[in-house]
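The values are calculated or read from the model by the stated rules, or taken from the named source; none is laboratory data. Being a predicted model, the structure only gives us computed values, none of them experimental. Positions of Cβ are backbone-derived with ideal geometry, glycine not excepted, and every protein chain shown enters the neighbour counts. Surface accessibility is based on the protein's heavy atoms, side chains included, excluding ligands, DNA and RNA. Shrake-Rupley method; radii C 1.70, N 1.55, O 1.52, S 1.80 Å.
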Amino acid sequence: MRSEELRIAKTESLFRDVNERIAETAERVGANEAELVCECGDPECGERIAAPLEDYEKTRADGSHFLVSPGHEHQKHERVVKTRPGFRIVAKLRAVGAVARRLNPRRAEAQ
């Protein structure tokens, strides 16, 4: 695996970890939607995504899927699997997808 692929996977997984905490807090207070961070591979990205928690949970069902802002898709490493108002759900490909699955905080739950 190239260092670029590893960096992308780690960055996206870090943003996913942040969103896990945001979603947990939103669920605790009974919210149906949360303002999440874009889970793209740009470590400087700070864009917010307003997403229904139901969409977030469906995305998390696959450790290689992430929420990104429109235009933040990286065609070399991912493909768009769903388009929603204000965000895209992307599936990571090849080596980036394998690392993303390995870094998935819900990995133990899925086994």
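General observations
- Residues in the stretch 46-63 that are basic (Lys, Arg), open to solvent by 60 Å² or more (accessible area, probe 1.4 Å) and over 14 Å from residue 88 (Cβ atoms): 1 in all.
For (1) without any contact (Cβ under 8 Å) to a residue 24 or more places away in the chain; (2) among the basic types (Lys, Arg), each residue gets a yes or a no:
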{"site": "20", "(1), (2)": "no, no"}
{"site": "28", "(1), (2)": "yes, yes"}
{"site": "32", "(1), (2)": "yes, no"}
{"site": "37", "(1), (2)": "yes, no"}
{"site": "40", "(1), (2)": "no, no"}
{"site": "45", "(1), (2)": "no, no"}
{"site": "53", "(1), (2)": "no, no"}
{"site": "56", "(1), (2)": "no, no"}
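- Residue within the stretch 85-100 that is under 18 Å from residue 33 (Cβ atoms) and open to solvent by 60 Å² or more (accessible area, probe 1.4 Å) present: yes
- Those strands (runs of 3 or more DSSP E) of the stretch 20-102 in which 3 or more residues are under 19 Å from residue 9 (Cβ atoms) occupy 65-68, 78-84, 87-92.
- Of all the numbered requirements in (1) closer than 15 Å to residue 97 by Cβ; (2) within 13 Å of the chain's Cα centre (by Cα), residue 14 misses one, and that requirement is (1).
- Members of the stretch 47-79 that are closer than 25 Å to residue 3 by Cβ and over 11 Å from the mean Cα position of the chain (by Cα): 47, 71, 72, 73, 74, 75, 76, 77, 78, 79
- Meets criteria (modelled with pLDDT of 90 or more and in contact with a Phe, Trp or Tyr (Cβ under 8 Å, 6 or more places away or on another chain)) for residue 37: yes
- Boolean, residue 70 is at pLDDT 95 or above and open to solvent by 20 Å² or more (accessible area, probe 1.4 Å): yes
Residue by residue, here is whether (1) of a type in the set (S, T, N, Q); (2) in contact with a Lys or Arg (Cβ under 7 Å, 6 or more places away or on another chain); (3) under 22 Å from residue 79 (Cβ atoms) holds:
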| site | (1), (2), (3) |
| --- | --- |
| 8 | no, no, yes |
| 13 | yes, no, yes |
| 17 | no, no, no |
| 27 | no, no, no |
| 47 | no, no, yes |
| 50 | no, no, no |
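- Members of the stretch 18-36 found to be open to solvent by 20 Å² or more (accessible area, probe 1.4 Å) and not small (Gly, Ala, Ser), listed by number: 18, 21, 22, 24, 25, 27, 28, 29, 32, 33, 35
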